[in-house]
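Notes for the one structure printed next.
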Amino acid sequence: MAENKKSYPTKAVIGGRSVDATGRKTFETVNPSTGKVLAEISECTAADVDKAVAAARQAFDEGPWPRMSPADRKTTLHRFATVIEANADELAELEAMEAGKPIADALGIDLPETVATIRWHAEAVDKICDKITPSGPGTLSMVVREPIGVVAAVLPWNFPVMMASWKLGPALAEGNTMVLKPAEQTSMSTIRLAELATEAGIPDGVINVVPGFGEVVGKALGEHMQVDCVGFTGSTDTGRLFLHYAADSNLKRVLLECGGKNPMIVMPDVEDLDLVADHAVNSAFWNMGENCSSNSRLLVHEGLHGELIDLIVERAQGWVVDDPLKAACRVGPLIEKAHMDKVLGHVEQAKKDGARLIHGGRRVLAETGGYFVEPTIFDEVTPEMPLAREEVFGPVLAVMTFRTPEEAIAMANDTDYGLAASVFAQSNKTAHNAARQLRAGTVSVNCYGEGDQGTPFGGYKLSGFGGRDKSLAAHDQYCELKTVWMDLG
Ligand code: NAD
């Protein structure tokens with residue numbers, strides 16, 4: 001059993017209080033850099049979900065949060081962002097220890113993005129206007145937005161606080177109350193966020209956190225009759241379950257952000273291959289490739305293939321695999337042993353299928369007990385190989401070649417997913433044509449990126465359902481639209 005460090009946030013947060021799970025049950029959270037137990041986390045059950053939903057329900061039905069003016073919610077959420085910022089070091093360390101995330105990324109990307117997300121949605125909320133529709137004399141017809149109610153957020157382990165903020169920002173700004181269910185591998189930073197919310201003056205019951213297992217806590221939230229909406233980020237298989245849960249319970253709104261098998265196309269007219277190589281390596285290996293929008297398929301024109309491969313391998317050698325708490329670390333461990341085994345299984349399968357391993361491919365630093373895998377590149381991957389079709393969710397890049405832009409677009413779209421894609425081309429016409437033909441929620445041109453706070457993020461096909469995170473689109477998904485039709489006599 002782990003000796004919980006005093007300061008570790010390990011308990012459920014319900015109605016503004018840190019509480020044990022029913023029966024004081026706990027589960028172990030493991031540091032993937034060492035394989036050792038970090039802490040014992042409250043293991044919530046359906047009974048705890050009932051309590052958390054009741055707290056969120058009461059905060060919604062009777063509490064001040066949905067009744068505040070948008071400007072007051074904005075002020076409170078700005079305070080929340082400021083408190084998160086003041087505690088960024090602690091949150092980043094928790095993310096490095098639980099998720100294996102390089103501390104430089106946690107401090108330089110995840111935490112600033114989390115703060116920016118809360119601020120952006122806070123700032124937006126008192127600028128979104130309701131509508132008066134042209135109903136003619138004698139009537140006043142208004143279309144007003146109202147918060148949907150109790151929103152459950154079921155979260156993944158790859159960007160724990162950032163994904164939480166993508167749900168918290170718009171849902172809270174619009175006046176909803178929430179129950180968060182962190183992934184079982186990464187509970188602590190989300191629990192800490194809820195504690196910080198209380199410190200920032202967010203009323204009790206507005207943010208509740210129920211750590212625990214998906215099949216218990218996630219399912220109970222999905223099936224709960226008093227939950228009005230579930231915002232889920234995770235795998236497509238689990239996302240699908242939430243549609244069943246909703247159908248079998250109260251038809252709650254379901255918003256799914258799921259997996260991806262994202263292509264990066266390098267068109268024949270590209271001149272700056274150094275730029276392409278930088279983005280290709282970054283998009284494949286950043287966050288250990290445990291990133292739904294990582295470009296895991298590099299589709300390169302056959303004329304540029306040899307030169308680009310050399311540049312990519314050269315860069316991959318600079319990605320230091322190490323303890324994520326060290327500043328120089330660029331690649332930390334994978335999230336858990338089972339996941340490492342799955343990623344290494346993909347590597348072995350790709351070798352058997354005839355893909356050519358040109359970099360990495362092994363577990364490293366095994367003596368630490370951690371689950372480290374080298375950045376890995378396979379060349380000569382063909383479209384029917386599992387490596388070209390399945391989401392690996394690890395630092396593994398599959399390189400394929402094409403002859404014509406039409407062939408590249410067909411290959412890129414030959415996937416069940418549709419989350420993100422990138423196109424590199426000198427000609428704007430080629431780039432724009434490709435961008436419009438790619439069936440993906442985000443297409444980056446001559447870069448690898450996901451836009452900024454103002455752009456929606458979500459997927460086509462098996463990558464998503466029901467809405468979009470980020471931007472004003474995220475506000476819409478946490479609101480009901482009400483028509484008020486007044487006969488003015
Ligand atoms: P996962 O689907 O295993 O788990 C996600 C959440 O669902 C966790 O909180 C888990 O406890 C819960 N869950 C698991 N089984 C459940 C069940 N039977 N009923 C209810 N809830 C259940 O996903 P993961 O492994 O944590 O995350 C990786 C996946 O997330 C990848 O597929 C990745 O592409 C995806 N992802 C997508 C986005 C996006 O924005 N599209 C962002 C990040 C991650």
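Taken together, the residues in the stretch 331-348 that are in contact with an Asp or Glu (Cβ under 8 Å, 6 or more places away or on another chain) and within 21 Å of Leu107 (Cβ to Cβ) amount to 4. For Val206, the requirement of being within 14 Å of the ligand (Cβ to nearest atom), β-branched (Val, Ile, Thr) and surrounded by 23 or more Cβ atoms within 10 Å (Cβ to Cβ) is not met.
Set side by side, the residues Ala71, Ala86, Ala52, Ala47 differ, and just one is within 29 Å of His224 (Cα to Cα), of a type outside the set (S, T, N, Q) and surrounded by fewer than 16 Cβ atoms within 10 Å (Cβ to Cβ), which is Ala47. Among the residues making up the stretch 219-244, those that are near the ligand (Cβ under 10 Å from one of its atoms) and either at pLDDT below 95 or under 16 Å from the mean Cα position of the chain (by Cα) (or both) are Val230, Phe232, Thr233, Gly234, Ser235, Thr236, Asp237, Thr238, Gly239. Only residues that are under 13 Å from Arg330 (Cα atoms), touching a helix residue (DSSP H, G or I) at 6+ places or on another chain (Cβ under 6 Å) and not basic (Lys, Arg) were counted across the stretch 99-114, and they come to 3. For Glu290, the test of being surrounded by 14 or more Cβ atoms within 10 Å (Cβ to Cβ), charged (D, E, K, R) and out of contact with any strand residue (DSSP E or B) (no Cβ under 7 Å at 6 or more places or on another chain) is passed.
If only residues of the stretch 136-161 that are out of contact with any Leu (no Cβ under 8 Å at 6 or more places or on another chain) and among the hydrophobic types (A, V, I, L, M, F, W, C) are counted, the one that is farthest from the ligand (Cβ to nearest atom) is Met142. All of (1) within 16 Å of the ligand (Cβ to nearest atom); (2) surrounded by 15 or more Cβ atoms within 10 Å (Cβ to Cβ) hold for Asp341 with one exception: (2). Checked against the criterion of being within 14 Å of Val281 (Cα to Cα), among the charged types (D, E, K, R) and surrounded by fewer than 20 Cβ atoms within 10 Å (Cβ to Cβ), the candidates Glu307, Glu367, Glu314, Glu336 yield just one match: Glu314.
Evaluate the stretch 480-489: report whether one residue or more is away from the ligand (no atom under 15 Å from the Cβ) and of a type in the set (Phe, Trp, Tyr). Looking for residues that are away from the ligand (no atom under 15 Å from the Cβ) and of a type in the set (Phe, Trp, Tyr), one finds at least one in the stretch 480-489, hence yes.
The set of residues in the stretch 119-147 that are more than 30 Å from Ala96 (Cβ to Cβ) and within 22 Å of the chain's Cα centre (by Cα) contains only Ala124.
Checking Asn282, Asn262 one by one, the residue that is near the ligand (Cβ under 10 Å from one of its atoms) and more than 30 Å from Met178 (Cα to Cα) is Asn262 and no other. The set of residues in the stretch 57-66 that are in contact (Cβ under 8 Å) with a residue 12 or more places away in the chain and in a helix (DSSP H, G or I) comprises Arg57, Gln58, Ala59, Phe60, Trp65, Pro66.
The values are calculated or read from the model by the stated rules, or taken from the named source; none is laboratory data. None of these values were measured; they are calculated from a predicted model. In this analysis, Cβ positions are derived from the backbone assuming ideal geometry, glycine residues included, and neighbour counts consider all displayed protein chains.
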